[in-house]
Amino acid sequence: MPDFITVIVSQLSFVDRLALVAAASQIVALLAAILIEFSARKRRWVQAPAPATEQAGRAARPEIVLAEEIASWPSPRAPSVTPPPPAPAEPVARPSVEPPPAPAEPAAAAPAKAPARIGLGLRRTRENLLARIRAAITGSAKLDEICEGLEEALIAADVGVQASLKLVEAVRARVRDGSGSAAIREALKDEIARMLAASERPLNIPAEGPLVVMLAGVNGAGKTTTAAKLAARMKAERGPVIVAAADTFRAAAIEQLEVWCGRVGADLIKQNQGSDPAAVAFDAIKAAVARNVSTVLIDTAGRLQTKVNLMEELKKIARVAGRELPGAPHECWLVLDATTGQNALSQAKIFGDAVALTGVVLAKLDSTAKGGVVVAIAEQLKLPVRFVGVGENVEDLRVFDAREFVEALFAEDESRAEVSSGSYAA
Ligand SMILES: Nc1nc2c(ncn2[C@@H]2O[C@H](COP(=O)(O)OP(=O)(O)OP(=O)(O)O)[C@@H](O)[C@H]2O)c(=O)[nH]1
Ligand SMILES: [Mg+2]
């Protein structure tokens, strides 16, 4: 201890010395308290959440991170699997219209129904067309009058003016005044079948890797129902199917597809509502390749063909699919609601400008008397009709075959329509 402190302390009384010791110990206690508080605060700062901007930065991961993640996901067959929601790498355009109300979900416990026949699906169109054709052909009408009547019958069935004129011209070249009504009917059947067959072309099945089919169309056309029907069919014919829930826009769209996939036993790849549909397609293809799945079906959101930004979104899905798997999507089908008649043609033209359409699925053929639009599509757009939807159940999808379609269309009674369409049965 320094000398001057010893001198000062020796001059203090006993009481002063005690007071000095007490004061010194209080200072030590205060310093200890400050140290404890400081270390406690430091611990809290370390554990505090990252600032909002930092979190946002973490969420904005590029698509490629997803690619690494997907390989480590367990199979979506496992009930607990829900892929993490990555943020879109590009801004996603959104429609300026309200989404349509969610259609009724299929009842999970619905009893299996017998598949609807194409003949039954065509009942309304057949009745409409045949009554008019009968009226045109019977009696002692001259060929000119018959042709006029046929033209009207075809146009009324939504075959379209251009296709109707062509068909009637072809029939006129094959028959003469006085040809019986049976001959005229046969000539018309032949010409319609020929027109339909002219647009047929084989599916673009890849030599290896999964077949990727993208479904597009306007709101409510029947895309999701068709995706489910196709999933069931493809699974039976080609093996495991993955369905991509790329309608991330409409409320409940993902759940609707989830219910369908559960029913038909297809794997579903999904993300959260509002995520980038192209990223979902990307995930699905990546998963299909990793798991050796034979078919990927991409269900997209309904969009008005007049909305440029939505068409851009569709292009992006196709672009991203092709980047991940060269050649994908191998098939891109426009799902058309048969009840919309000739409007289907303008839809097909505009969707065809956005993506390379390779075919059409004509849904709700059972709900219309204007099924003749099939012929207009083939004639004007040169697009093959791949499938027709003839009901709301999973079995109600028929491979389209020109000759059988025409036989069913011209069958004079229901039972013959059934027989003529026998090969459509699942
Ligand atoms: N009668 C009949 N109804 C069908 C057919 N296909 C679909 N539907 C019904 O049409 C409605 C719309 O079908 P969705 O498959 O949800 O149509 P979507 O194109 O996916 O609709 P968005 O996703 O809203 O664009 C549902 O009530 C279906 O049951 C069909 O072939 N026949
Ligand atoms: Mg849908």
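Derivation of every value follows stated rules applied to the coordinates shown; laboratory data play no part. Owing to the predicted nature of the structure, the values given are computational and were not obtained by experimental measurement. Here the Cβ positions follow ideal geometry from the backbone for every residue, glycine too, while neighbour counts run over all protein chains shown.
Assorted remarks:
- Look at Leu129, Leu297, Leu383 and count the other Cβ atoms within 10 Å of each Cβ; fewest to most, that gives Leu383, Leu129, Leu297.
- Farthest positive-ward along segment 202-251 dipole, Cα basis, beta-carbon charges - from Ala227, Leu203, Ile242: Ala227
- Counting neighbouring beta carbons within 10 Å and listing from fewest to most, the residues Arg386, Arg174 come out as Arg174, Arg386.
- Ala198-Arg323 FRET efficiency (beta carbon distance; Förster radius 30 Å; 0.05 resolution): 0.30
- Estimated FRET transfer efficiency when R0 is 60 angstrom, pair Ile27-Glu255 (beta carbons, to 0.05): 0.30
- Here's the picture: a label point sits 7 Å out from the Cα of Ser346 along the beta-carbon direction, and within segment 303-329 the residues with their amide nitrogen under 11 Å of it are 305-306.
- For segment 152-186, the residues whose backbone nitrogen is under 20 Å from a point 7 Å from the Cα of Lys382, taken along Cα to Cβ, are 160-167.
- Order of Val390, Val355 - criterion: other Cβ atoms within 10 Å of each residue's Cβ, fewest first: Val355, Val390
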